[in-house]
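Before any comments, here is the structure.
None of the figures in this text is laboratory data; all of them are computed from the coordinates on show. These numbers were taken from a predicted model, which means no experiment stands behind them. FYI the Cβ positions are ideal-geometry reconstructions off the backbone, even for glycines, and counts take in every protein chain you see.
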Amino acid sequence: MADTSYFSEDNITECQDKEITPLISTARLKHNSYLDKKINENSSSSDNQEQTPDDKINQLLNSPKYNEIYRKRKQTVEPVFGIIKKVLGFTQFSLRGETEIDCEWSLVCLGYNLKRLFKMKIA
């Protein structure tokens, strides 16, 4: 499972070569696009032309099984990054180098976890 920025034919092919089902978004997904899905569902079923990698991945992501998996990602991972960016104000690293970034990210995660613990504190 990956974000749009990781979508490429090379990444799709490499996943398939390693027998991994790639769940990589091809574009930023709109919220509440039920009508668009229904319209595209009907028009795509009538097309008999060869499918592009975009079409194949979109078809896979729209299947009930994989759609559920991808939706779970939005519920578990994405809110954490949103809180870290908006509430804690962490939008970029100040340091450079793998070790330094690892330490800086550990501090950000510590701050996030302390904030959560403080909010969940039993009175």
So how far apart, in nm, are the two label points at Ile101 and Leu88 if each is 7 Å from Cα heading toward Cβ?
1.6 nm
For the pairs Lys86/Lys115; Lys18/Lys56; Lys18/Lys74; Lys86/Lys119, note any where the Cα-Cα span goes beyond 22 Å.
Lys18/Lys74
Say R0 is 25 Å: what FRET efficiency, to the nearest 0.05, do Met1 and Lys121 get from their beta-carbon distance?
0.15
Working from the pairwise distances between different alpha carbons, so that the mean of 1/r is found and then inverted, what is the stretch 58-116's Kirkwood radius in Å?
13.5 Å
